[in-house]
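See structure below.
The values are calculated or read from the model by the stated rules, or taken from the named source; none is laboratory data. Only a predicted model underlies this, so the values are computations on that prediction, with no experimental measurement involved. Note that we place each Cβ from the backbone using ideal geometry, even for glycine, and neighbour counts take in every protein chain shown.
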Amino acid sequence: MRSLSFILAISLLSSITSNAQPDRWQQHVKYTMDVNMDVNTNRFSGKQKLEYTNNSPDTLFKVFYHLYWNAFQPNSMMDTRSRELGKIKVNGRPDWDGRVKDRILNLKPDEVGYQKVLSLKMDGVAQNYQVDETILEVKLSKPILPHSKVVFDMDFEAQVPLQVRRSGRDNPQTGVRYSMSQWYPKISEYDYEGWHPTPYVAREFYGVWGDYDVKITIDKSYMLAGSGYLQNPNLIGFGYETPGTKVPEVKGNTITWNFIAPNVHDFVWAADPQFHHLVRTVPNGPTINVVYKYKEGDQKNEDAWKEVADAAVIVLPFIEKKFGKYPYKQYSFIQGGDGGMEYPMATLISGPGVGTAFHEWMHSWFQGMFGTNESMYAWIDEGFTEFATDEVEDFYYSQPSVRAKYDASRLKVMDSVAALLPLKHRGNYQNYFYVVKSGLEEPLTTHADHFNTNLAYSIAAYSKGCLFLSQLGYIIGEDTRDKVLLEYYRLWKFKHPNANDFVQVAEKVSGVKLDWYKEWWTATTKTIDYGIDSLWEEDGKTKIRLRMVGKMPMPLDVQIEYRNGDKEIIYIPQYLMFGEKPVEDKSIPRTTVEPWKWTHPTYVFELKHKIIDLKAAEIDPTQRMADVDRKNNRLELSW
Ligand SMILES: [Zn+2]
């Protein structure tokens, strides 16, 4: 049985390597933008040329753009939604985002954000358009035919909002002057589901891949960092210049920075006159920029940003081995924003924590490279990133060069925490158990903006999404799960996969059906709870009855401990798997028994030993299954 499934697994693996790439169509953009920033009024004017290629089989009669900054105006959807959430108390505290609260309502005219479209032409012909808050709708004078390209030319102006959420100016927490995300009119994504004119209510983005050529003219004292490669580094300086170059003095008050970002679905930048710049190069890899606000005499701040730069170099080989190659020649950690937010080729982080830095960088995979529709699949975006963050952090803190920074007592605490079960993603298991108990849990399939509470969104997207992969390791084996992640990368990077696409890759790589797992875990809030019901002896053999107490089925590892010190795993596949996972721990013999059909509340299996030989039985001894009540998982026999 075991050797048969082994051969089966090998033939499956050889068949996947010859799998063709998926051929799902996607739209394409090429933005050429030229903006002129006035650092006194915090306003800029811009020209945008958008070459839009309709690769779909559909004729498009209209197009939509996002005007994100219009959310930062009193009574916007973002403002109203936040204040409504503020009326809900969770643990005695308002459920609103502590950064947003009712701050938008109180923004003064020179503090609000806006993006105003002054003119819009398609192929030289003026277009009719209407703006409703964060969405611009254009009824085209002429439809865009399938497989054709048009050019939109837009004049626009914008006011940078006072920092409320993600983008803005003068966040007192960081002192950074400009965090420029969602700063330009951006065409919505059109895919096999149609247009996605998702208003900016709170979170999540979905964009079209393409190339960005951005020119920013700004006061010459400001240093910039952002997505894309700087085209004129030797005229700009600020640490971007080729070492040894003499940067010419700038005549006049402004200078124009030119960035080109290829094959990205967004473009971010930040600017400040006190930015400092650290540069690292990963051997055979990208250049790492760390750009942060210099604080006079604050060595701790300097050291912390230096650690971010050095940590990035340490972890990248591990990340690429586990999740696939980083495809760009540059990545920038930029101080800005109001927490941590991911963008292509860069992140804005408000402070120098390596955990946040790892998280945002891992979004380069689970967002930057996959571009899954985050509104619909926040759990893939945040959950898979969270999973990867935990893995990268575990790797980082196990490195001798990193451990050398801590004294013996601190290491002892770190090691004792690391030894607790489950060995990985423990914090995310705890968050999930917490939201289940709170009664506020909602299914992962909920649209990211539609959760009743921020709490339910956060734990669903981050923790339950992380557990999707952690438990997948339990269901198909961790080595197989890791192969799934690499195959997913190979097949789906730069292609906007959805949840089914991931599950199909996982099924092909593992040889196990997993649609049931996706269905129960993401579309319901049903929970897992298995218990040991009873045991008895018949004809010198021990029978053990298990009970499915929860409503979500899973395969079970049941570990039997004998009084002579031997251990054995009884492995009960879930019937709907139509397959089984390989042996994970070769040091413990495993017996595979008949699959458990989920319709059956109990299951009995038999051991060759007498009951007196048994010391203990335990369901899921590794604790990777998110069993909401572990009190009934272990039975100890005291003879
Ligand atoms: Zn994230």
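Brief remarks follow.
- Tallying residues that are part of a strand (DSSP E or B) and in contact with an Asp or Glu (Cβ under 6 Å, 6 or more places away or on another chain) within the range 547-565 yields 5.
- Residue satisfying condition, being closer than 19 Å to residue 438 by Cα, buried (at least 18 other Cβ atoms within 10 Å of the Cβ) and not assigned by TED's automatic domain parsing to the domain that holds residue 468, within set 548, 552: 552
- Matching residues, the range 605-624, being of a type in the set (A, V, I, L, M, F, W, C) and closer than 12 Å to residue 558 by Cα: 605, 607, 616, 617, 619
- Residue within the range 250-258 that is of a type in the set (A, V, I, L, M, F, W, C) and in contact with a Leu (Cβ under 6 Å, 6 or more places away or on another chain) present: yes
- Verdict on residue 170 being modelled with pLDDT of 95 or more, of a type in the set (Asp, Glu) and closer than 25 Å to residue 36 by Cα: yes
- Residue within the range 506-528 that is out of contact with any helix residue (DSSP H, G or I) (no Cβ under 7 Å at 6 or more places or on another chain), within 20 Å of residue 631 (Cα to Cα) and not in a helix (DSSP H, G or I) present: yes
- Filtering the range 414-428 to residues that are surrounded by 23 or more Cβ atoms within 10 Å (Cβ to Cβ) and either more than 16 Å from the ligand (Cβ to nearest atom) or outside any helix (DSSP H, G or I) (or both) leaves only 425.
- Close contacts from the range 614-632, counting a first residue that is not assigned by TED's automatic domain parsing to the domain that holds residue 472 and a second that is of a type in the set (D, E, K, R) and part of a helix (DSSP H, G or I), with Cβ to Cβ under 9 Å and a gap of 6+ residues or different chains, come to 619/630; 620/630; 623/426; 623/630; 624/478; 626/464; 628/437.
- Any hit, the range 401-408, residues being within 13 Å of the ligand (Cβ to nearest atom), at pLDDT 95 or above and among the acidic types (Asp, Glu): no
- Restricting the search to strands (runs of 3 or more DSSP E) fully inside the range 273-342 and requiring at least 3 residues that are in contact with a His (Cβ under 9 Å, 6 or more places away or on another chain) and either among the small types (Gly, Ala, Ser) or over 17 Å from residue 389 (Cβ atoms) (or both) gives 287-293.
- In the range 223-275, the residues that are of a type outside the set (A, V, I, L, M, F, W, C), closer than 22 Å to residue 168 by Cα and either at pLDDT below 95 or surrounded by 22 or more Cβ atoms within 10 Å (Cβ to Cβ) (or both): 226, 227, 228, 265, 266, 272
- Here the range 603-639 is the region considered, the condition is being crowded, with 16+ Cβ neighbours inside 10 Å and of a type in the set (Ser, Thr, Tyr), and the residue that is nearest to the chain's Cα centre (by Cα) is 622.
- Filtered by the rule that a residue be among the charged types (D, E, K, R) and within 24 Å of residue 595 (Cα to Cα), the range 488-529 gives 507, 508, 513, 515, 518, 519, 526, 529.
- Residues being within 35 Å of the chain's Cα centre (by Cα) and either assigned to a strand (DSSP E or B) or not hydrophobic (A, V, I, L, M, F, W, C) (or both) - total across the range 566-586: 13
- Enumeration of residues in the range 208-241 that are assigned to a loop (DSSP other than H, G, I, E, B) and either farther than 24 Å from residue 493 by Cβ or aromatic (Phe, Trp, Tyr) (or both): 209, 220, 221, 222, 231, 232, 237, 238, 239, 240, 241
- The range 23-61 - residue that is β-branched (Val, Ile, Thr) and out of contact with any Lys or Arg (no Cβ under 6 Å at 6 or more places or on another chain) and, of those, farthest from residue 115 (Cα to Cα): 59
- Filter result (farther than 25 Å from residue 494 by Cβ and within 13 Å of the ligand (Cβ to nearest atom)) within the range 354-374: 355, 356
- The numbered conditions (1) within 18 Å of the chain's Cα centre (by Cα); (2) closer than 21 Å to residue 321 by Cα; (3) hydrophobic (A, V, I, L, M, F, W, C); (4) buried (at least 18 other Cβ atoms within 10 Å of the Cβ) are all true for residue 499 except (2).
- Residue 172, sole failed condition from (1) touching a residue at least 12 places away in the same chain (Cβ under 8 Å); (2) within 29 Å of the chain's Cα centre (by Cα); (3) farther than 22 Å from residue 381 by Cβ: (1)
- A residue that is outside any loop (DSSP other than H, G, I, E, B) and out of contact with any strand residue (DSSP E or B) (no Cβ under 7 Å at 6 or more places or on another chain) occurs somewhere in the range 608-628.
- Of residues in the range 375-400 being under 23 Å from residue 336 (Cβ atoms) and aliphatic (A, V, I, L, M), the one farthest from the ligand (Cβ to nearest atom): 392
- Residue that is over 20 Å from residue 552 (Cβ atoms) and either free of Cβ contacts under 8 Å to residues at least 40 places away in the same chain or part of a helix (DSSP H, G or I) (or both), where the choices are 451, 433: 451
- Scope the range 249-272; condition under 24 Å from the mean Cα position of the chain (by Cα) and in a strand (DSSP E or B); matching residues: 261, 262, 263, 264, 269, 270
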